[in-house]
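Reviewing the structure listed below.
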Amino acid sequence: MSDTEHSLSVLEGITPSKAIVKLAVPATLALLAKAVYNIVDTAYIGMLHSDIALTAVGVTLPLLLIMVSIENIFAAGAAVLAGRQLGAKDEARASSTVTTIVGISVAVGLVLCVGGIIFIEPLLRAFGASDTSLPMAKDYAFWMFIAALANLPAQSMNCAARAESSVKISSVAVIVGAALNVILDPIFMFDWGFGMGVEGASLATTVSQFVTFFILAWFYLSGKSVIKLNIKRFKLSWDFLKVVTVIGIPTAVIQICLSVASSLTNIVAASLPQADEIIAAYGVVQRLILIGCYVVMGFMQGYQPVASYAFGAGEEDRFRQSVRFALKGSLLLTVLVAVIYILLARPLVMLFNRNPVIIEYGKKLLISQVVIYPAFGLCYMMTITFQTIGAAQYGLFLSMIRQGLFYLPFILTLPKRFGVMGVYLSQPAADVLTILVCILSIPAMKRIAAQSMEKEKV
């Protein structure tokens, strides 16, 4: 074994809780870097003192969530498959897996970039852009689509680096990119720099993300990694693509549902009085909510391989310890996020805008989004667990309920009856139903896990 520790070795010899935390920290850091990009962009755009600018950036969020969900399909495949293969001491196969996934990521990134630019106006219209906000939204979205060329392969390489426990390079890549974005945003945006406004914020983010990509590419091409990228190792097959997709689907579906929910909320808000102010406030709130989402998702990315390893090895007690720790951890994290956001709702929104109307809408929207936020942690944890124990279809169902099956009917009906109050009520109503379904699903989860482990023993 090289000086670089194989990721699955952290699952042996230490408690499940420690293993989960060790794997979750770099995963969370990588996800939070994405949130930082958008939080920083929104904060600087708020300094332009333009409500329309905030509205324009707000309508691009659903597109961002869709692209992130696609990134995570391949990234999760790289992490899980390469991790298993490294655990089996099969470095050649792990190298082939990551080379293939990075190659696919490059191709998909190119398709997203070209397709997004060609259809940029109808896409933004579909996600709630008005005649007023459309020009700025197009300026921002253009560079967002260019960034897809770097983001998809970078995310796959980043997850592969974590799979071989190269936590240092993974952390350096995302931290350097995020820090560079903080520096470049004002240079590109304001009149004392290039004076590009909203477009400058997006360009600064794109440049920073390409830097992250080049750092990770250097790591793999320099020969310092355990996994080796080599075009000769590229081996694409339908079965391989299917396995990668199945691994990443739950997280992707959750983020796609978030995207659909965001876009429908923008569309519904567009029919209400003070529509631009509500959409601007909602855009700010959704970027704050992303931080909470990514913290929980990062924690779950630490939980999944630990639980999968224990379940696959038939270690029932270790599997149950993993499940209990993940349940407690996800609930604790979501409660902390909810408390912080509820107590600091007004000052957090004021970081991005000083318009009293937007601040008031933003405060109420933020509180409504997190007042029953543990529903997200519980639902996501159970989604991953059902997938781990082989009940992938039910896991897929759980991934769709909170922001899909439950939220969408509420957001389409309640605002028609109660106006903006209906927008505030939609998320809590969906969260109550989500918690109810998850609680009712616990006996089935225990039964399926026990039956599956019994079959493995036989």
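The values are calculated or read from the model by the stated rules, or taken from the named source; none is laboratory data. Everything quoted here is computed from the prediction, not taken from an experiment. FYI the Cβ positions are ideal-geometry reconstructions off the backbone, even for glycines, and counts take in every protein chain you see. These area figures cover heavy atoms from the full protein model, side chains too; ligands, DNA and RNA do not enter into them. Shrake-Rupley method; radii C 1.70, N 1.55, O 1.52, S 1.80 Å.
List of remarks:
- Angle in degrees between helix 356-370 and the longest Cα principal axis of the chain, rounded to the nearest 10: 30
- What separates the Cα centres of segment 42-66 and segment 379-458 is a distance of 30 Å.
- Estimated inter-spin distance, Glu360 and Glu121, nm [label 7 Å along Cα→Cβ]: 3.7
- The length gained on full extension between Trp192 and Val172, counted as 0.36 nm times the residue separation minus their Cα-Cα distance, comes to 4.2 nm.
- Volume of the convex hull of segment 365-458 (Cα atoms only), normalised per residue: 70 Å³.
- With the simple model of a label 7 Å out from the Cα in the direction of the Cβ, Ala92 to Val339 spans 5.4 nm.
- Simple Cβ-charge dipole of segment 58-192, Lys/Arg +1 and Asp/Glu -1, about Cα centre, in debye nearest 20: 480
- Computed from the C-beta positions of Val371 and Arg324, the FRET efficiency with R₀ = 22 Å rounds to 0.30.
- Cα-based Rg and Dmax for the chain, where Dmax is the largest Cα-Cα distance (Å): 21.6, 72
- Dipole of the chain, positive direction: furthest Cα of Val244, Pro409, Leu258, with charges on the beta-carbon: Val244
- Projecting the Cα positions of Leu344, Ile358, Val432 onto the charge dipole of segment 310-434 (unit charges on Cβ atoms of Lys, Arg, Asp and Glu, taken about the Cα centre) puts Ile358 furthest along the positive direction.
- Rounded to the nearest 20 debye, the dipole size of segment 221-282 about its Cα centre is 840 debye, using +1 on the Cβ of Lys and Arg and -1 on the Cβ of Asp and Glu.
- Per residue, the chain exposes 40 Å² of solvent-accessible protein surface, assessed with a 1.4 angstrom probe and all protein chains in place.
- Carbon and sulfur %, accessible surface of the chain computed with the full protein complex present, 1.4 Å: 69
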